[in-house]
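The values are calculated or read from the model by the stated rules, or taken from the named source; none is laboratory data. Quick caveat: nothing in here was measured; it's all calculated off a predicted structure. With ideal geometry, Cβ positions are generated from the backbone for all residues, glycine too; neighbour counts draw on all protein chains shown. The area values use the complete protein model at the heavy-atom level, side chains included, leaving out ligands, DNA and RNA. Shrake-Rupley method; radii C 1.70, N 1.55, O 1.52, S 1.80 Å.
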Amino acid sequence: MKKLKIKTGDTVRITAGDHKGTEGKVMRVDIENNKAIVEGANMVSKHEKPSAKNPQGGIVQKEAFIHVSNLSLIDAKSGEKTRVGYEMRDGKKVRFAKKSNEVI
């Protein structure tokens, strides 16, 4: 089983590519392919057939996956990029921001 340092619900900043500098919340993570969907970033046009959910069909704007290596976690305390560490605190393994030493 692979382990990623980015999880659903984290606030991240895109560090590379066309959408560099964009911040958003992680909506979904694909662990097997090391990719994540960030809310409001990497929008693509998708052609959809008419269905019961969308009877009109047509072209829809959707978020596409971004590789995890192009994302960095935003520290809630300072609002800056930070790396993620793991350590045992009070008998539990927790994620913490290396910049501020705060539990995520």
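Structural remarks
- Residue match in segment 45-62 (condition: out of contact with any helix residue (DSSP H, G or I) (no Cβ under 8 Å at 6 or more places or on another chain), exposed (fewer than 13 other Cβ atoms within 10 Å of the Cβ) and within 18 Å of Lys3 (Cα to Cα)): no
- Segment 26-74, residues that are closer than 19 Å to Ala16 by Cβ and charged (D, E, K, R): Asp30, Lys35, Glu39, Glu63
- When Asn34 is tested against (1) over 24 Å from Lys2 (Cα atoms); (2) surrounded by 14 or more Cβ atoms within 10 Å (Cβ to Cβ), exactly one condition is not met: (1).
- Residues within segment 68-104 that are within 18 Å of the chain's Cα centre (by Cα) and open to solvent by less than 60 Å² (accessible area, probe 1.4 Å), tallied: 14
- The criterion of at least 1 residues that are without any contact (Cβ under 8 Å) to a residue 40 or more places away in the chain is met, among strands (runs of 3 or more DSSP E) falling completely within segment 1-78, by 23-30, 35-38, 43-48, 58-63, 65-67.
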